[in-house]
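Below is one structure, written out as structure tokens; comments come after it.
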Amino acid sequence: MKRLILSLILLASPLAAHDQMSGDLHIIHPSMPQPLATARSAAGYVTISNEGDTPEELIGIRSPFAKSTTLHTTIFEDGIARMRPLVGVPIAPGEVINLEPGGMHVMFMGLTGTANEGDMIPATLIFRNAGEVAVEFMVDPADGADHSRMDHSNH
């Protein structure tokens, strides 16, 4: 039933044109809001569905668009959003995980260039079992949030 609902959502959405299958993993609309031209970092988002029978885990990401590309989650402490690194993101069989604003996300830090709306930013998602999967993050319109000013400390 989850797959049917997900399929119906994707068919009704313009995002359906930007997804791919890699083995049992359905990778849906890797994207990032357009960073400011002066930004040193940018956030990336993606939905991943594990349509197989084996647990999977997203354990890393890399991209030539940044000196460092990591998985983060948003923690709210005393009303302040702080980013904390993640070692991995488990994806159980039949589960759909969302890397999205205000939650788990990808951080591109030390940007090596600029990105304009509509650009496709190459990256490689690294999974514990499936290995490396090449994707492209579509640069979407800026959402007005300057993610580069948030606290991305490691504690």
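Quick notes on this one:
- Note on segment 40-60: residues that are hydrophobic (A, V, I, L, M, F, W, C) and surrounded by fewer than 19 Cβ atoms within 10 Å (Cβ to Cβ) amount to 1.
- Residue in segment 93-112 that is under 24 Å from Thr38 (Cα atoms), of a type in the set (Ser, Thr, Tyr) and surrounded by 15 or more Cβ atoms within 10 Å (Cβ to Cβ) present: no
- Boolean, Glu132 is at pLDDT below 95 and either surrounded by fewer than 16 Cβ atoms within 10 Å (Cβ to Cβ) or not in a strand (DSSP E or B) (or both): no
- Thr38 passes every criterion in (1) part of a strand (DSSP E or B); (2) farther than 17 Å from Phe127 by Cα; (3) of a type in the set (S, T, N, Q) apart from (1).
- Selection status of Phe76, surrounded by fewer than 13 Cβ atoms within 10 Å (Cβ to Cβ) and either modelled with pLDDT of 95 or more or over 14 Å from the mean Cα position of the chain (by Cα) (or both): yes
- Among (1) assigned to a strand (DSSP E or B); (2) touching a residue at least 12 places away in the same chain (Cβ under 8 Å); (3) aliphatic (A, V, I, L, M); (4) more than 24 Å from His26 (Cβ to Cβ), the one test that Ala115 misses: (1)
- Qualifying residue in segment 57-71 (condition: farther than 23 Å from Leu36 by Cβ, in a loop (DSSP other than H, G, I, E, B) and at pLDDT 95 or above): no
The values are calculated or read from the model by the stated rules, or taken from the named source; none is laboratory data. In this text the structure is predicted, and so the values were computed from the model without any measurement. As a convention, Cβ positions derive from the backbone with ideal geometry for all residues, glycine included, and neighbour counts pool all protein chains shown.
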